[in-house]
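Data block below; observations after.
The values are calculated or read from the model by the stated rules, or taken from the named source; none is laboratory data. What you see is a predicted model; the values in this text were computed from it and never measured. Ideal geometry is used to build each Cβ from the backbone, glycine not excepted, and the neighbour counts take in all protein chains shown. For the accessible areas, the whole protein counts, side chains as well, though only heavy atoms, and no ligand, DNA or RNA atoms are used. Shrake-Rupley method; radii C 1.70, N 1.55, O 1.52, S 1.80 Å.
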Amino acid sequence: MKKFTYTAGTSAKKTLGFDLGDRCSHYCLVDRKAREIEQGVVETNHSSLRAFFKRMKGVRLVLEMGTHACWIADLAEEMGLEVLIANPRSFELLTKSYRKTDARDCQLLADAGRMSPQLLSPIVRRPKQCRVDLSSLRSRKCLVESRTRLVNHVRGVLKFHALRAPKCSVESFHRKVLAVIPKELEMALLPVVQLIEHTNKQIKSLEVQTQKMAKERYPITETFEEVAGVANIISSTFAMTIGDPDRFSDARTVGAYIGVVPRMNSSGDSNPDLSITKAGDGEVRRTMVIAANYIMGPFGPDCDLKRFGLRMIDNGRRKGKNAKKRAIIAVARKLAVLLLHLWKTGAKYDPFYLARKNGEPIPAAA
């Protein structure tokens, strides 16, 4: 991603540390010489913050990423403040302090924002429309998870009474399970089955609306879906999560953004293989892994991505039993880089681009 740049000569004269709370937020205002000018509490609502920010015009606002961070940052910028959102994963002085209070947290934020904003690893917000659109995908995920719990409940109750629900898709479960439910369990299970049916309809409706919205606002999703394993939900999730592809100066950095690069703990001769960072948005990481599993599975067509993963598995047999898992994560990372590259360059997807470049054999129909 593009690195945050900070020039002392253009810094704000005052820095406002803001520790967000659900009802009230603590703040601490300091000048360039770290002298405290003002400290207090303000209600975390739109009207109170608008009035508060109105008299803070030109001040640098530093707050930690959280539920309220984005809309407060939008409001602050609208009122003429410079905004930095600290990444809590990178600013452990705040999250792992032995003397953690709201008043102390806002002082730490103010001091860090005044002295060295780079230490905060400032988070770049997605465009507001992307945040709104992502809410639809989050709602769909919530509905799908709720449906899974409901289906598992019905199966569990039937199994407890020596019965077994039919093997079928979740979309047809509410119809086929009725033949198995005995009369004595109707009062317990029929309301749940009816709720499963209603949830199916809501999920389907939301998927249709999301697909239509993605095609209108994110036409790049049509290019994404040319890649094997990248269906509508996956392409929409990636497009809405990234928001603006120009945020990334190099497409290869998107792997670190979605948390599918290995952690590092290198010291001296020690350089162990560690798990991935799991930084960034968990949902886009999950969808990239789902697509990678399909690509590496029996139904995934031959392509550069699959060949890359298979080579990793062949080389990994000498390193341990997790070679396939590592290969799938590597394919997920390479897939994310590919999608962002297609978006940034506007290039047409060629499943055998590297194979042609390296003179490898490709299918006759390709």
Being closer than 30 Å to LYS204 by Cα, open to solvent by 70 Å² or more (accessible area, probe 1.4 Å) and β-branched (Val, Ile, Thr): is that true of THR67 here? yes
Being at pLDDT 95 or above and within 30 Å of PRO166 (Cα to Cα) narrows VAL193, VAL227 down to just VAL193
What helices (runs of 4 or more DSSP H) completely inside segment 292-366 contain at least 1 residues that are within 25 Å of PRO272 (Cα to Cα) and polar (S, T, N, Q)? 304-316
Top-ranked residue of segment 15-24 - restricted to ones that are assigned to a strand (DSSP E or B) and in contact (Cβ under 8 Å) with a residue 60 or more places away in the chain, ranked as farthest from TRP71 (Cα to Cα): THR15
Of the residues LYS57, LYS3, which single one is surrounded by fewer than 20 Cβ atoms within 10 Å (Cβ to Cβ), at pLDDT below 85 and not hydrophobic (A, V, I, L, M, F, W, C)? LYS3
Picking from ARG99, ARG50, which residue would you name as being free of Cβ contacts under 8 Å to residues at least 40 places away in the same chain and assigned to a helix (DSSP H, G or I)? ARG50
Looking at this structure, is ALA34 open to solvent by less than 20 Å² (accessible area, probe 1.4 Å) and either at pLDDT below 95 or in a helix (DSSP H, G or I) (or both)? no
When both residues are 6+ apart or on different chains and their Cβ atoms are under 7 Å apart, which pairs have a first residue that lies in segment 332-343 and is among the β-branched types (Val, Ile, Thr), and a second that is open to solvent by 50 Å² or more (accessible area, probe 1.4 Å) and part of a helix (DSSP H, G or I)? VAL337/ARG252
Restricting to segment 246-260, count the residues that are surrounded by 18 or more Cβ atoms within 10 Å (Cβ to Cβ) and either over 15 Å from the mean Cα position of the chain (by Cα) or modelled with pLDDT under 90 (or both). 2
Apart from one, (1) loosely packed, with under 12 Cβ neighbours inside 10 Å; (2) in contact with a Lys or Arg (Cβ under 9 Å, 6 or more places away or on another chain); (3) among the polar types (S, T, N, Q) all hold for SER121; the odd one out is (1)
Looking for whichever is open to solvent by 50 Å² or more (accessible area, probe 1.4 Å) and closer than 16 Å to ALA291 by Cα here; the options are GLU225, GLU216. Which one fits? GLU225
Which numbered condition GLY280 misses (of (1) closer than 11 Å to ALA336 by Cβ; (2) surrounded by fewer than 21 Cβ atoms within 10 Å (Cβ to Cβ); (3) at pLDDT 90 or above): (3)
Within segment 132-144, does at least one residue satisfy the condition of being open to solvent by less than 70 Å² (accessible area, probe 1.4 Å) and β-branched (Val, Ile, Thr)? yes
Taking first residues from segment 273-300 that are at positive phi and second residues anywhere that are open to solvent by less than 40 Å² (accessible area, probe 1.4 Å) and part of a loop (DSSP other than H, G, I, E, B), the pairs with Cβ under 7 Å that are 6 or more apart or on different chains are LYS278/GLY259; GLY280/ILE258; GLY280/GLY259
